[in-house]
1. At 0.36 nm per residue, minus the direct Cα-Cα distance, what do Ile21 and Asp134 gain on full extension? Give it in nm, one decimal, please.
2. Based on the alpha-carbon set only, what is the convex hull volume of the stretch 55-165 divided per residue, in Å³?
3. Report the local net charge at Asn166: Lys and Arg +1, Asp and Glu -1, summed over other residues whose C-beta lies under 15 Å from its C-beta.
4. May I ask you to evaluate 6.51 cos²θ - 1.76 cosθ + 1.60, the Karplus curve with θ = phi - 60°, for each residue of the stretch 100-113 and list the ³J(HN,Hα) values in order in whole Hz, giving x for glycine and proline?
5. Which sequence of His67, His118, His160 reflects their accessible areas, 1.4 Å probe, from the largest down?
6. Which entries of Lys60/Lys149; Lys112/Lys181; Lys61/Lys130; Lys29/Lys130; Lys60/Lys91 show an alpha-carbon separation above 18 angstrom in the structure shown?
Amino acid sequence: MDKILSILIFAFAIAIVFYGIRHSLRIAKKKKEKEELAKKIYEIKAIKYSPNDSADYIFKKINLMRHHCNTNQVKDLFDQKISEHKLDFAKPLQADSHTTALAYRRNQGMIKFENLTHASSGEAFQDLIKLGADEVGEILAYGYSTSEKVMRAWMNSPKHRETILNSRWDWCGINVMQDNKGMRWFCVIFGQEEIEDTFGSGVS
């Protein structure tokens, strides 16, 4: 009986050790996948995270609009236009270098195929989800001569305004790129939770 018990205890100990090794290997594999994904994102030619004036303006303006949204909610609360349980405050967004690199890649692809579209955003979104994002969103624009004009267009569009003021977003990445015809392309990608030829002016 003691011998059988010893064998069972030994087998159980072996199973625990085996499980521990498998678990450690699984964690190491996931870590390696994240490192390789991060490396792939950063290995985009000519990408440096120091937003140009246009991208920097958009970033500051988006956070300013989110702040004004909060201020207006407080005013509406005091004016009894809304009830307290309807308050939904939009937090200031953090600039994220991974997402900025992906916005750069998105603009590159759209310029290459001369097509302003959300349909090609899948790979970029999947990259962010693999890095830990719970939810991802995007706004695009083409043909505006200044960042001021594109921000005005976005904020005048109910759909884009809603995306910009979405209280779930935690961070964003922005890229503004000029094609060989002198036209500007704008891409802003938003995320929730930390992560480990002849067009008129238009937004999407």
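1. Once the chain is fully extended between Ile21 and Asp134, it gains 37.8 nm.
2. On the way: hull volume 13.5 nm³, N = 111.
It comes to 121 Å³ per residue, whole-number rounded.
3. On the way: positive: Arg66, Lys91, Lys159, Arg161, Arg168; negative: Asp88, Asp134, Glu135, Glu138, Glu162, Asp170, Glu193.
Taking every other residue near Asn166 into account, the sum is -2.
4. Per residue, the Karplus-derived 3J(HN,Hα) values read 4, 5, 6, 5, 4, 5, 4, 5, 4, x, 5, 5, 4, 9 Hz.
5. Numbers: His67 105, His118 65, His160 10 Å².
Putting His67, His118, His160 in descending order of accessible area: His67, His118, His160.
6. Table pairs above 18 Å Cα-Cα are Lys61/Lys130.
The values are calculated or read from the model by the stated rules, or taken from the named source; none is laboratory data. A quick note: this is a predicted structure, and the numbers were derived from the prediction, not measured. Note that we place each Cβ from the backbone using ideal geometry, even for glycine, and neighbour counts take in every protein chain shown. Note: areas computed on protein heavy atoms with side chains; ligands, DNA, RNA excluded. Shrake-Rupley method; radii C 1.70, N 1.55, O 1.52, S 1.80 Å.
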